[in-house]
1. For residue 15, state whether it is of a type in the set (A, V, I, L, M), in a helix (DSSP H, G or I) and buried (at least 17 other Cβ atoms within 10 Å of the Cβ).
2. Of the residues that sit in region 27-70 and are in contact (Cβ under 8 Å) with a residue 12 or more places away in the chain and in contact with a Cys (Cβ under 8 Å, 6 or more places away or on another chain), which one is nearest to residue 84 (Cα to Cα)?
3. Looking only at region 62-79, which residues are in a helix (DSSP H, G or I) and surrounded by 12 or more Cβ atoms within 10 Å (Cβ to Cβ)?
4. Evaluate region 94-110: report whether one residue or more is modelled with pLDDT of 90 or more and loosely packed, with under 11 Cβ neighbours inside 10 Å.
5. In the list 163, 86, which residue meets the criterion of being more than 30 Å from residue 18 (Cα to Cα) and modelled with pLDDT under 80?
6. Among the residues of region 111-127, how many are modelled with pLDDT under 70 and of a type in the set (S, T, N, Q)?
7. Say we look at region 24-61 and pick out the residues that are among the polar types (S, T, N, Q) and part of a helix (DSSP H, G or I); which of these is surrounded by the most Cβ atoms within 10 Å (Cβ to Cβ)?
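The values are calculated or read from the model by the stated rules, or taken from the named source; none is laboratory data. Note that this is a predicted model, so its numbers are computed, not measured. Here the Cβ is made from the backbone with ideal geometry for all residues, glycine too, and neighbour counts use every protein chain on show.
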Amino acid sequence: MKKTKALINKLLTELENTPLLQIACEKVGISRNTFYRWMKEDPAFLAQANYALSLGKGRVNDIAVSNVLAGIKAKDVRYTMYWLDRNHYDFRRPYIHRIDSEDPFAQFRYLAEISKKLEIEDKALGEMSASKREDMEQARKDAEVFFKRWGVIKDDIPEPKKRKKKPPETT
């Protein structure tokens, strides 16, 4: 098929409605190879196609979120667990802390959660007993002596991971 403005507009509309390349190309009557060739040849078409795909994905994402919310409103526990697992810090699994570099809001939320967690840990460490504080200070001094002795630059050594302090058990 010949590349015309009408065909391109129809293809872009299909990509906005259905962000699946194969289906959009079939509806318009072109092959995927033709689509990819047009993308290589025409940077303006590439930008338009990427924009149309992002709009289409956004539309599908909105529909998916509304389905999840409808499941939550219907008091379906699976939808509630799904939502909390991915959106509420207290219910997340540890391996879900993956951040999409293209989503600045997710990055901001993640950094806010981490800073709040560190703030709580610092508060807990501040309430440490005097003997534990002296032990930690002695360990720091011993580490400094070690670094000086062996000529190790302190900045080259990664910070140790902080351990979570378990709350005291009440009986």
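1. So residue 15 passes the test.
2. Top of the filtered list is 35.
3. Just the residues of region 62-79 that are in a helix (DSSP H, G or I), to begin with: 62-73, 77-79.
Passing the criteria: 68, 69, 71, 72, 79.
4. The answer is no; no qualifying residue exists.
5. Working: 86 fails: more than 30 Å from residue 18 (Cα to Cα).
Answer to the check: 163.
6. Residues that pass the stated criteria total 0.
7. Step one: filter region 24-61 for residues among the polar types (S, T, N, Q), giving 31, 33-34, 48, 50, 54, 61.
With the extra rule that they be part of a helix (DSSP H, G or I), the set shrinks to 33-34, 48, 50, 54, 61.
Values: 33: 9, 34: 15, 48: 17, 50: 12, 54: 13, 61: 11.
Among those that are among the polar types (S, T, N, Q) and part of a helix (DSSP H, G or I), it is 48.
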